[in-house]
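A.B. asks: Below is one structure. I have some questions about it.
The values are calculated or read from the model by the stated rules, or taken from the named source; none is laboratory data. Bear in mind the structure is a predicted one, so any value in this text is a computation, not a measurement. When we count neighbours, we look across all protein chains shown, and the Cβ atoms used for this are built from the backbone with ideal geometry, even at glycine. For accessibility, only protein heavy atoms count, side chains too; no ligands or nucleic acids. Shrake-Rupley method; radii C 1.70, N 1.55, O 1.52, S 1.80 Å.
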Amino acid sequence: MKKVLFMLLAMVLMASCTSMLPKQFTSLADKVEKNGASFSEAQWEKVSDQFDNLMEKYNANIDKFNADQKKEINSAIGRFQAAQLKAGLGEVGNAIEGLVEGAKGFLEGLGGDGEKD
């Protein structure tokens with residue numbers, strides 16, 4: 001009898017986990033889209049870890065999701081990755097701007113020595 005109850009409990013827990021997973025993906029994607037541009041490195045590591053954990057759960061239970069759940073999850077995955085890329089490109093853009101400013105200062109320094117003579 002205990003084995004049957006344990007199996008039923010395990011099945012209920014697995015079912016509730018899979019039914020909540022699409023909402024967890026959507027929530028994470030919403031969070032990253034809304035605030036990702038201002039995330040610190042530590043915040044990006046935290047949400048990346050959350051995303052990886054959700055992906056592990058999804059891949060382990062992929063056959064238990066219906067078509068609508070898969071569609072919601074895949075949409076959230078795409079939104080998360082797009083927001084992550086957008087934030088990364090913003091950082092690359094800022095780094096490039098910094099390099100350009102540094103190069104301008106370097107060139108002005110070289111040109112400034114010639115003008116003083």
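A.B. asks: So the check is Cβ under 8 Å with 6+ separation or different chains; which pairs have a first residue in segment 52-78 that's within 18 Å of Lys31 (Cβ to Cβ) and a second one that's in a helix (DSSP H, G or I) and open to solvent by 40 Å² or more (accessible area, probe 1.4 Å)?
C.D. replies: Every condition considered, the pairs that remain are Leu54/Gln24; Lys57/Cys17; Ile77/Met55.
A.B. asks: Right, next: Among the candidates Glu91, Glu56, which residue alone is modelled with pLDDT of 95 or more, in a helix (DSSP H, G or I) and open to solvent by 80 Å² or more (accessible area, probe 1.4 Å)? Break it down stepwise before answering.
C.D. replies: On the way: Glu91 fails: modelled with pLDDT of 95 or more.
The unique qualifying residue is Glu56.
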